[in-house]
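The block underneath contains the structure these notes are about, expressed in structure tokens.
The values are calculated or read from the model by the stated rules, or taken from the named source; none is laboratory data. Bear in mind that the values here come from a model prediction, so they are computed numbers and not experimental data. Positions of Cβ are backbone-derived with ideal geometry, glycine not excepted, and every protein chain shown enters the neighbour counts.
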Ligand SMILES: C[S@@+](CC[C@H](N)C(=O)[O-])C[C@H]1O[C@@H](n2cnc3c(N)ncnc32)[C@H](O)[C@@H]1O
């Protein structure tokens, strides 16, 4: 994390929120449009997932062929909340499990530009990593962001400390293992946001385990489930 803000950070901060940058607005409008259209792909995914779950095939494996194709990015309300949260806690290091083509990454990287911080994303799909890097570059945010390619449990092993904000939006079965990996690096007062908490059907049981963990005071978090987008578990690390 650079101790002194990038020159771009000062010029954008002077012009107001980094979300007002025309390059950021243009690429977000394009990506949210694509994500809206790709929601229809989900209908095709349901039979494959239901069958996979019955055969005890892990969710990620059953859904992968369709997920790999689509842009299933966060909704604009969620993106805004990510940006606001990162600004509110003055995050200097924001990390994301599951970057896809980079919608949430752009909101978080814009906040990192405004805060003088750094964003680290991750995705297992090389095509999506290439897309996310391209989109971050088009948004003028590449100096404040990196996207690591590969399984998050490998690529996030050597993250810097302290982590101020973490977004979990990859394979739902990995939320708790990823949290376990990140937890020793979380700063007191950091925010952990997990998406798809209120998603119906196949991920409900997995998400219930995550919510239970976050709401057990013994685990060091204060947490609330927010009915925003597909449902967010919004947690603050109390140490
Ligand atoms: C719902 S998408 C993320 C959307 C993204 N946050 C956005 O707003 O654009 C989930 C992503 O997690 C990635 N993923 C799944 N398992 C992963 C793993 N083990 N390591 C890294 N990425 C993974 C998938 O390739 C997929 O692109």
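Things to note:
- Unmet criterion (only one of (1) in contact (Cβ under 8 Å) with a residue 12 or more places away in the chain; (2) more than 13 Å from the ligand (Cβ to nearest atom); (3) outside any helix (DSSP H, G or I)) for residue 224: (1)
- Within segment 136-152, being surrounded by 15 or more Cβ atoms within 10 Å (Cβ to Cβ) and either within 9 Å of the ligand (Cβ to nearest atom) or in a loop (DSSP other than H, G, I, E, B) (or both) holds for 139, 140, 141, 148, 149, 152.
- Filter result (assigned to a loop (DSSP other than H, G, I, E, B), crowded, with 24+ Cβ neighbours inside 10 Å and near the ligand (Cβ under 8 Å from one of its atoms)) within segment 65-97: 73, 74
- Annotation note: of 21, 8, the sole residue that is at pLDDT 80 or above, closer than 25 Å to residue 92 by Cβ and surrounded by 11 or more Cβ atoms within 10 Å (Cβ to Cβ) is 21.
- Residue check: residue 106 meets all listed conditions (1) under 25 Å from residue 22 (Cβ atoms); (2) assigned to a loop (DSSP other than H, G, I, E, B); (3) more than 8 Å from the ligand (Cβ to nearest atom) but one, namely (2).
- Condition check for residue 160: farther than 29 Å from residue 58 by Cβ, outside any helix (DSSP H, G or I) and away from the ligand (no atom under 12 Å from the Cβ): yes
- Subset of segment 163-182 that is closer than 11 Å to residue 97 by Cβ and in contact with a strand residue (DSSP E or B) (Cβ under 6 Å, 6 or more places away or on another chain) - its residue that is nearest to the ligand (Cβ to nearest atom): 170
- Residue in segment 121-129 that is away from the ligand (no atom under 12 Å from the Cβ), surrounded by fewer than 24 Cβ atoms within 10 Å (Cβ to Cβ) and free of Cβ contacts under 8 Å to residues at least 40 places away in the same chain present: no
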